[in-house]
Structures are given as structure tokens and as C-alpha cells.
Amino acid sequence: MIRVFKRMFKVAQSEAHAAVDRLEDPIKMTEQGIRDLRKDLEASMKNLAEVKALTIRLRKDQAEKKQIAGDYERKAMLLLEKGQKGGLAPEDADRLAGEALVKKEAATTQAVRASKDLENQANMVAQMEANVKKLKSQINTWENELTTLRARAKVAASTKKLNKQLAQVDSDSTVSMLEKMRAKVQEDEALAESYGDIAMIETNVDAEINKALEGGVSPSVSDSLGELKRKMGMSQSGPSA
């Protein structure tokens, strides 16, 4: 049971270390940061679209209020003209023209307010557009840097692994093995050369024997030949003709 708990603790510990490593990985943190920025950018684009839509409505409202004010002013003038020409009682013409001017002033006030709101809204739109543009540029810059960092991190990891492998190599033992191998090769080369010399000596002795025999049979060999013929009952001069 204790072994099981120890094993579970080691697994949990390794997973915790891996989680910490992931949290401390600058590339993963940068990737997450860029993802968060893209979400912010999407939200900013949505807000910008809404603000622009409101600006369009304000602009239409301003134009509409100006048109209404102009219409009421023209109506007031027509009423006064009609009262002057006798088509309408003068007191009614003045009263209705006054009411038209009141509505004209109200529409003008609304148009002025809409104009101010439109100006403020336009400034807000310009600021938001600048911020969105800056955020887009920043995201693109960071994404390019992230691409470079990924490549550099890959090279660094490969170099680190290679250097670690090289650091773990026992150079002394490797050199010792090479020295032993060099000595063994030199020994084998010397032994091969020695066998070659022995073979050459044997060849030279055979050549010397053959050269000595070229001058005729030696006396000792001739004596041995005569003795052999006497034992065989043969004449010394050879067979008769």
C-alpha cells in the first residue's frame, strides 16, 4: 500500500512539474497572450462597428432636425404671407406662424445637440479606429516575433540536446580505447610483416639450393650414387651399349 501511495505521489509530482514547466514556457505564454489579444481585437471591432452605427444614426438625425427646422421656418413665412394677402386672418396667421417658429426653434436645438453628439462620436470613432489599428499592428508584430522565437527555440533545443550528449561522453575512456585499438593494429601489422619476412627466407633458401644444383652433382652425391649401383650389381660406367 505504501508503495502505491509513493508511486501516486511521484506521478502527481511529475505532473505538477510538467504543469509548472508549461506555465513557465514563454512561447506558450506568448501564444496564449496573442489569443487573448485577438479576442480583445474582435470585441473592439464589434464596439467600433456599434459606435459607427450610432454615428450614422446621429448624422441622419441631425440632417432630419435641420430639415424640420427649415420646413417650419418656411411654413411660418407662408402663413405670414397668407395673412398679409387676406387668405388667412392676420391674428391666426401670426399665431400659427409663432407656433411654427417654436417648433422650428425646438428642431434647431435638437439639431445643434445632435451636431455636438456627432462631433463627440466622430472623435470617439477616430480614437477607437486608431486603437484598433495599433492593436492589429501589435498583434502582427508579436506573431512575427513568435514565429522567429519558435524557430530559435527549436534550434536551441537541438543544440542543447547535442551539447548535453557531448558532455556525457567520457573523453578519457574514448581516448584510452583508441590508444588500445591503435596498439593492437600496430601489433597486427608488425606480426604480418614478420610472417612475410619468414616466407621470404624460405623462398630464398629454395632458390639457393636450386642455384647450387645447376653446376652438376656434388661429389658426395656422386659417391652415394656409385655405392647404390654396386649394391644393385650395376657397372659404374652405366648400361652396356
Problem set entry | Filter result for L88 (over 60 Å from the mean Cα position of the chain (by Cα), more than 23 Å from I68 (Cα to Cα) and crowded, with 17+ Cβ neighbours inside 10 Å) | yes
Exercise. Within the range 113-131, is there a residue that is part of a loop (DSSP other than H, G, I, E, B), among the small types (G, A, S) and over 43 Å from the mean Cα position of the chain (by Cα)?
Worked result: no
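Looking at T147, T159, T174, which is the one that is part of a helix (DSSP H, G or I), outside the structural domain of A53 (by TED's automatic domain parsing), hydroxyl-bearing (S, T, Y) and modelled with pLDDT under 90?
Within the list T147, T159, T174, the selection yields T174.
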For this session: Check off (1) at pLDDT below 85; (2) surrounded by fewer than 14 Cβ atoms within 10 Å (Cβ to Cβ) for E42 and give me the number that stays unchecked.
Result: (1)
Exercise. Which residue pairs have Cβ atoms closer than 6 Å, lie 6 or more positions apart in sequence or on different chains, and pair a first residue in the range 137-161 that is under 19 Å from G33 (Cβ atoms) with a second residue that is among the hydrophobic types (A, V, I, L, M, F, W, C) and modelled with pLDDT of 85 or more?
Worked result: I139/L37; W142/I34
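The values are calculated or read from the model by the stated rules, or taken from the named source; none is laboratory data. Computed from a prediction, not measured in an experiment: that's the story for all the values here. Note that we place each Cβ from the backbone using ideal geometry, even for glycine, and neighbour counts take in every protein chain shown.
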